[in-house]
Amino acid sequence: MWPRVDGMRALELGTAGDMRERLNALVLAGRKTATTGLLAEYVEETEGLEFDGERLALLGNDGDRVATIEITGVEVVPFAEVTWEHAAAEGEGDRSLDEWRTGHSRFWNAIGTPVDGDTPLVFLRFRLVEFA
């Protein structure tokens, strides 16, 4: 089960360290309004999908809430069907869909979860509600 903070489910972007700091900074600056996860992680953690209107505690490296976000969209699609619209909304500086796919594939491979075109992903769209 994922952590709960201040009565909300928590969202930890990327891996702890510099990556999380960079991704959180993009959210706080309003440039990152979406993220992508593996459906398998929800199954493994016996966690249900987020839902429109749900508020999540965005956590920093220390596990403290740095902001609250509100989910504005949830979609499950295979890796091969990622759209540029979603990739661009992640705000991570990718210049093309191929660049997004390469970077995300590399990330998931590095953490021991290789993906292929059929791997189901969970797309979350969100908006920043408040800074902690």
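The values are calculated or read from the model by the stated rules, or taken from the named source; none is laboratory data. Bear in mind that the values here come from a model prediction, so they are computed numbers and not experimental data. Using ideal geometry, Cβ is built from the backbone for each residue, glycine included, and neighbour counts are taken over all protein chains shown. For the accessible areas, the whole protein counts, side chains as well, though only heavy atoms, and no ligand, DNA or RNA atoms are used. Shrake-Rupley method; radii C 1.70, N 1.55, O 1.52, S 1.80 Å.
Screening ASP118 against (1) at pLDDT 95 or above; (2) open to solvent by 50 Å² or more (accessible area, probe 1.4 Å); (3) touching a strand residue (DSSP E or B) at 6+ places or on another chain (Cβ under 8 Å); (4) closer than 30 Å to GLY7 by Cβ leaves a single unmet condition, (4). May I ask you to verify whether ARG31 is modelled with pLDDT of 95 or more and of a type in the set (Lys, Arg)? When the stated conditions are applied, ARG31 passes them. Every condition in (1) without any contact (Cβ under 8 Å) to a residue 60 or more places away in the chain; (2) surrounded by fewer than 18 Cβ atoms within 10 Å (Cβ to Cβ) is met by THR15 except one, and the failing one is (1).
Taking every residue in the stretch 76-97 that is within 15 Å of VAL122 (Cα to Cα) and pairing it with any residue that is basic (Lys, Arg) and open to solvent by less than 40 Å² (accessible area, probe 1.4 Å), at least 6 positions away or on another chain, the pairs with Cβ-Cβ distances below 9 Å are ALA89/LYS32; GLU90/LYS32.
The residue that is modelled with the lowest pLDDT, counting only those in the stretch 38-56 that are surrounded by fewer than 17 Cβ atoms within 10 Å (Cβ to Cβ) and within 17 Å of HIS104 (Cβ to Cβ), is GLU41. Looking only at residues of the stretch 121-132 that are open to solvent by 30 Å² or more (accessible area, probe 1.4 Å) and hydrophobic (A, V, I, L, M, F, W, C), we find that the one that is modelled with the lowest pLDDT is ALA132.
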